[in-house]
Amino acid sequence: MEDNNIYSKIRDIRQARGLTVNTLAQKMGEDHQKVGRIERGKRSLTIDYLMKVSKALDTPLEEFFTQSNKEIDPLASSMDLLNEVIIAVEETNSRLPTPLDAKSKGKLISKLYELTLKFPEAQQRLFLDSFLEGFLALNTSR
């Protein structure tokens, strides 16, 4: 892996799985040209799109963010937390009467991740669950 960015990691993982851009695009239900532009870094990447890529490549989300040698344990730990935040927000969002759009979801994930990092590791999951439970209650009681 010569480049160390998310776009090249998508391409490298796809190639390691023996998939063409067309095959990946079909698995994702996307246009092959869009997939190619994403891999080349010519198009912005949303969390929804990254989740589709992750599912189509059968690859955990954190794989796109971590260094291949995983020599930095705090980074791996924070990527695990980011993955937890993304999954928790996605699950909560699916239960909302009016789900958040991709931009709002991205902002929520970013802020929630930032807030969760302020807690000791042992309390992070409790904070995350409590926050999203309250968020869900506020948004379903309208």
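Here is the figure for the stretch 115-142: residues that are surrounded by fewer than 15 Cβ atoms within 10 Å (Cβ to Cβ) and assigned to a helix (DSSP H, G or I) total 13. All told, Lys27 falls short of being at pLDDT below 90, farther than 24 Å from Leu117 by Cα and surrounded by 15 or more Cβ atoms within 10 Å (Cβ to Cβ). Taking the stretch 84-114 as the range and being surrounded by fewer than 17 Cβ atoms within 10 Å (Cβ to Cβ) and of a type in the set (S, T, N, Q) as the test, the residues that pass are Ser94, Thr98, Ser104, Ser110.
The set of residues in the stretch 57-114 being part of a helix (DSSP H, G or I), among the aliphatic types (A, V, I, L, M) and at pLDDT 80 or above consists of Leu61, Leu81, Leu82, Val85, Ile86, Ile87, Ala88, Val89, Ala102, Leu108, Ile109, Leu112.
Is it true that Leu50 is modelled with pLDDT under 90, out of contact with any His (no Cβ under 8 Å at 6 or more places or on another chain) and surrounded by 15 or more Cβ atoms within 10 Å (Cβ to Cβ)? For Leu50, the condition - modelled with pLDDT under 90, out of contact with any His (no Cβ under 8 Å at 6 or more places or on another chain) and surrounded by 15 or more Cβ atoms within 10 Å (Cβ to Cβ) - is met. Can you find, within the stretch 1-24, the residue that is surrounded by the most Cβ atoms within 10 Å (Cβ to Cβ) among those that are under 18 Å from the mean Cα position of the chain (by Cα) and polar (S, T, N, Q)? Out of the qualifying residues, it is Ser8.
The values are calculated or read from the model by the stated rules, or taken from the named source; none is laboratory data. This structure is a prediction, so every number in the text was calculated from the model and none was measured. Ideal geometry is used to build each Cβ from the backbone, glycine not excepted, and the neighbour counts take in all protein chains shown.
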